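Have a look at the structure below before the remarks.
The values are calculated or read from the model by the stated rules, or taken from the named source; none is laboratory data. This is a predicted model, so every value here is computed, not measured. We place every Cβ from the backbone using ideal geometry, glycine too, and count neighbours over all the protein chains shown.
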Amino acid sequence: MYKDYVYSKQTMPRQLPAIALLAILCQSATAQQTHLDIRVPDRISSDFLGSVKRVLTDDCINLADNHKKEERIYDRAGNELSLTRWGTDGEISYAMTNAYDESGCHVSWHSEDFAKKETNDWEVVLNLPTHQIAMRNLGNGDTSVYTYSPEKRLMHYRKVDKDKKTIRSSKYRRRPEDNKETEYARFDERNRPTYTYNYRWNDSLFVDRESILYHEDGTKRLIVNEFLKTDEHGNWTQRISIRYKIAGSEQTKLYETTTLRTIEYFEDNPSEDAP
């Protein structure tokens, strides 16, 4: 069991109180770039080895004919350019694109949820030396505030509406030796925990176990991952995930998901004429 990472006063940058931060946000209406020293973790290929260009993921449950697919495309710096998901009907269900400035800093993103028939545009409206970044939804006025550790990893997330009322928030725990995420907790608008994920990493730095606790009714789930194939870079390309229902000392298998990943890489020494 890994110990929780505790920041000392010397290492953790002072965070602005939520009220003060939101007050500053009200005065900030123009888009800004994110910090040069913080690469937003969910926008980069941080979990991959090698210079990844494209990742196509194919999921199927219990070896059924219905598949869900996902494609992520990255630039040479590892920045995620786009994310596209397809439903079991083969139609696009979600699409998202990210925009970066000439320094590679994340400045905005656009998404379309075809199932919900929603379109959203977000811009970075504030970034502070306290390792906090804020993004605003240009449509409904919602604001998301991300707080990072000195190691440049996401530790806290909070989303508020245009009236500064909390919509939801989340917290992350990471192990100190390599900053791998060990716990993710989601909270509702009243800061009550809704569910918590705990992760176990194997020697290949793959998550082989995920335990889930739903706080409202105490329901527990366990996901066991088995990695069948890896490529020459060390990234897994085939995985089987079995989801169990936990009741006391008993566990009941619910379903099994087979995941295939096709990973494309940039050439090590591209020609000067290549795009």
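The figures follow:
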quantity	calculated
Condition broken by CYS60, with the remaining ones in (1) assigned to a strand (DSSP E or B); (2) over 29 Å from GLY141 (Cβ atoms); (3) under 19 Å from the mean Cα position of the chain (by Cα) satisfied	(3)
Any hit, the range 160-170, residues being touching a helix residue (DSSP H, G or I) at 6+ places or on another chain (Cβ under 9 Å), under 26 Å from TRP122 (Cα atoms) and aliphatic (A, V, I, L, M)	yes
The range 58-76, subset over 11 Å from THR258 (Cβ atoms) and not charged (D, E, K, R), residue surrounded by the most Cβ atoms within 10 Å (Cβ to Cβ)	TYR74
Residues that are acidic (Asp, Glu) and surrounded by fewer than 16 Cβ atoms within 10 Å (Cβ to Cβ), drawn from the range 127-174	GLU151, ASP161, ASP163
Of all residues in the range 224-252 being over 24 Å from the mean Cα position of the chain (by Cα) and part of a loop (DSSP other than H, G, I, E, B), the one that is surrounded by the most Cβ atoms within 10 Å (Cβ to Cβ)	GLU232
Pair list, Cβ under 7 Å, 6 or more apart: the range 159-171 residue touching a residue at least 60 places away in the same chain (Cβ under 8 Å), other residue buried (at least 17 other Cβ atoms within 10 Å of the Cβ) and assigned to a strand (DSSP E or B)	VAL160/THR143
Flag for TYR148 being closer than 29 Å to TRP86 by Cβ, of a type in the set (Ser, Thr, Tyr) and under 16 Å from the mean Cα position of the chain (by Cα)	no
Candidates GLU210, GLU123 - the one that is crowded, with 17+ Cβ neighbours inside 10 Å, part of a strand (DSSP E or B), touching a Ser or Thr at 6+ places or on another chain (Cβ under 6 Å) and acidic (Asp, Glu)	GLU123
Residue check, GLU177 over 24 Å from LYS245 (Cα atoms) and of a type outside the set (Lys, Arg)	yes
The listed residue being more than 22 Å from THR257 (Cβ to Cβ), out of contact with any Cys (no Cβ under 9 Å at 6 or more places or on another chain) and at pLDDT 85 or above, out of SER82, SER45	SER82
Residue count for the range 175-185, restricted to those that are at negative phi and either surrounded by fewer than 16 Cβ atoms within 10 Å (Cβ to Cβ) or assigned to a loop (DSSP other than H, G, I, E, B) (or both)	5
Matching residues, the range 85-126, being at pLDDT below 90 and β-branched (Val, Ile, Thr)	VAL107, VAL124, VAL125
Candidates ARG261, ARG221, filtered to the one that is within 18 Å of LYS53 (Cα to Cα), in contact with a strand residue (DSSP E or B) (Cβ under 8 Å, 6 or more places away or on another chain) and surrounded by 13 or more Cβ atoms within 10 Å (Cβ to Cβ)	ARG261
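Yes/no per residue for (1) small (Gly, Ala, Ser); (2) closer than 28 Å to VAL145 by Cα; (3) without any contact (Cβ under 8 Å) to a residue 40 or more places away in the chain:
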{"position": "PRO193", "(1), (2), (3)": "no, yes, yes"}
{"position": "ASN198", "(1), (2), (3)": "no, yes, yes"}
{"position": "ASN202", "(1), (2), (3)": "no, no, yes"}
{"position": "LEU205", "(1), (2), (3)": "no, no, yes"}
{"position": "LEU222", "(1), (2), (3)": "no, no, yes"}
{"position": "PHE227", "(1), (2), (3)": "no, no, yes"}
{"position": "ASP231", "(1), (2), (3)": "no, no, yes"}
{"position": "GLY234", "(1), (2), (3)": "yes, no, no"}
{"position": "SER241", "(1), (2), (3)": "yes, no, yes"}
